[in-house]
Amino acid sequence: MLQDYLSTRRGDFKDYTELRAQVNTIQRVTLLSGNMTANSQEETGGVCARVYRGGTYGFASAAAYSADSVANVLKAAGDNAAFMDTHVKKGMPPLPRITGEKAGLRKFPGEAVNQSLLIDFAKELDALIVEKCKHLSSRTVISNVLNMEKLLVVSEGADSHFYQPRAMVYVFMTAETPDGDQVELLRPMGGFGHFDEYFTDPTLYLEEINTLYEQLMAKREGIFADAGMHKCILHPDLAGMLAHEAIGHTVEADLVLGGSVAGPNLNKPVASELVNMVDFAHTAFDKPAPLPVYVDDEGVPAEDVNLIEKGILKSFMHNRESARHFGVKPQGNARAFAFNDEPLIRMRNTFILPGKDKLADMIASVDNGYYLVKTGSGQADATGEFMFSVDLSYEIKGGKLGKAIRETTMSGVAFDLLKTVDMLSDDIAWDVAGFCGKKQLMTVSAGGPALRCDVNLGGR
C-alpha cells in the first residue's frame, strides 16, 4: 500500500496543484493450444505533479517514490508552469474552485496474487476446453490482472486514495470451416476484483465455455450476410460498443472543442425519444458500477453525467478546464492511466439505459433481418462515423433465428443509427473486459440493453 509522502508538501502549493503517487501491477499468462507463450509480471510506479498557472500546466514525474522525489517533482512542475506562463502568456484566470471531502479506500489492496495461480487456472481451464470442445483447430487462454493504486493530494478539491483491481480471463476458440477458412470467437470473463475472487474453480465456467463452443460451431457452418441496410437487433454487447466508441468519444469535451459532431448538437435531438445514455461514476441501478470512480485525478468528486435524455443531447464530459470554458460543473471525468500520464477527459461506465421490451418479442418483430451478438474490433471518429466488426450474428427469418453468419461489419453514423431505435430490451449487460486507447490506455466499462434499429451491414 502506498505510503503518504504527499500531504506534508501541501504548504508548498502556490498555484492550483495536483500531486499523485501511483502503482500499476500487471500480470499475464498466455496458453496457446496448451503451450505457454507468455508469463509476465510487471510493477510500474512513481509520482507526478501538475501545476496550473495563467492558462497553462507545468508537469513533472519521477519513477522513484520518496519524500525527496515528491519535493523534486513538485518544484519541477512549478518551474515548468512558470516558464510556460511567461512564454505563452494566455492570461487566463485561476480555475474555478471545487470543494470535496477526502475519499478513502473502498476496496483495499491485498497480497499480490501468486503468478502460479494464474498459470494453474489457465492450464486447468485449457484442459477443460480440450475435454469438452472436440472440433477446435486452436485455442488460447489468457489470465490477466491489472491493479491500479493511486494516492492524490490537490490544492483544492477532494484528496483521495483509490484502488481498482481488475481480473480477467480471455478464451479464444478457433475452428476450420468446411471450405477451409478459419473462424474465431472470444469470451472474456471476470471484472472488478482480485483474481482469486473470480477464478477459483474452472468448472464454474463450464456453461460459458459450452456456449462459446456451440456458437463457434454454428458460425463454422454459417452463411454470409446480405450487404445493405437491414432491420437488426443489437445484443447488449454491441450497444455497449456503440455507447463508448461511436457516441461517448464525440461527447468528450476536448474532442468537442476539436470539432466533434456533438458540439453543434447540444440540446438538440440526436436519437430516438426512447434513448437515454449515462456515464455512471460509481453506482448504477443501485449497485456498484463495474469500474467505480469516486474522485477523478484532478480531485473532482465523481458524479453521473446524463449525456442523452429522451433522445436529446444534454451534456458533455469534462475536466476542470473544459468545464470552465463551457460554464458548467465538472463531474469527475479526468483520468490518467500511469504515474507519468497527465489526466485526460475519459469515460467511466458508459451505458444506454434499458427499455420495456422483451428480447424474444424484439426478435419476433423482425420479418427479415439479423441479430448481431458479438463485436470484435471497431473504430469511430469525431464525426460519429463508425465501423465495427461483428464476430457472431444470426439471420432472422419470419421472427425466428436462423443460420449463423460468418464475419461481417456494421457501419454508419452513430446519431443516425440512434434515431432509428424503436425498441429497447428490459435486460442489460456490461462489458468490463477492454481498454480505451485514447492517447493512453484506460480501463472502462460500457453496456446497455438490446436495441432494434436500422443497420448497414457488410456482405461477403
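The values are calculated or read from the model by the stated rules, or taken from the named source; none is laboratory data. Source: prediction; values computed, not measured. A quick note on method: Cβ atoms are made from the backbone with ideal geometry, for glycine too, and the neighbour counts reach across all protein chains shown. Quick note on the areas: whole protein, heavy atoms, side chains included, nothing else; ligands and nucleic acids left out. Shrake-Rupley method; radii C 1.70, N 1.55, O 1.52, S 1.80 Å.
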- If you check N39 against the conditions, is it polar (S, T, N, Q), in a strand (DSSP E or B) and over 24 Å from the mean Cα position of the chain (by Cα)? yes
- Query: Can you tell me which residue in the range 293-349 is most open to solvent (accessible area, probe 1.4 Å), limited to those that are assigned to a loop (DSSP other than H, G, I, E, B) and small (G, A, S)?
  - Reply: G327
- Message: On the basis of being crowded, with 21+ Cβ neighbours inside 10 Å, out of contact with any Asp or Glu (no Cβ under 7 Å at 6 or more places or on another chain) and of a type in the set (K, R), does R106 make the cut?
- Response: no
- Message: Going by what's in this entry, would L216 be described as in contact with a His (Cβ under 9 Å, 6 or more places away or on another chain), in a helix (DSSP H, G or I) and buried (at least 20 other Cβ atoms within 10 Å of the Cβ)?
- Response: yes
- Message: Can you report the number of residues in the range 40-68 which are within 30 Å of V113 (Cβ to Cβ) and crowded, with 16+ Cβ neighbours inside 10 Å?
- Response: 7
- Message: Can you pull out every residue in the range 65-81 that is within 16 Å of V154 (Cα to Cα) and either in a loop (DSSP other than H, G, I, E, B) or of a type in the set (S, T, Y) (or both)?
- Response: none
- Note on the structure: Residue hits (the range 377-422; assigned to a loop (DSSP other than H, G, I, E, B), open to solvent by 60 Å² or more (accessible area, probe 1.4 Å) and under 21 Å from E252 (Cβ atoms)) are D381, T383
- Item | Residue that is farthest from M217 (Cα to Cα), among those in the range 121-146 that are touching a residue at least 12 places away in the same chain (Cβ under 8 Å) and part of a loop (DSSP other than H, G, I, E, B) | S137
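Table: residues versus (1) outside any strand (DSSP E or B); (2) over 30 Å from G332 (Cβ atoms).
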{"position": "A158", "(1), (2)": "yes, no"}
{"position": "P165", "(1), (2)": "no, no"}
{"position": "A175", "(1), (2)": "no, yes"}
{"position": "D179", "(1), (2)": "yes, yes"}
{"position": "R187", "(1), (2)": "no, yes"}
- Residue match in the range 135-155 (condition: closer than 30 Å to K329 by Cβ, over 23 Å from the mean Cα position of the chain (by Cα), surrounded by fewer than 21 Cβ atoms within 10 Å (Cβ to Cβ) and at pLDDT 95 or above): yes
- Task: Consider D427 carefully, then state whether it is farther than 23 Å from V270 by Cβ, in contact (Cβ under 8 Å) with a residue 60 or more places away in the chain, of a type outside the set (S, T, N, Q) and open to solvent by 20 Å² or more (accessible area, probe 1.4 Å).
- Result: yes
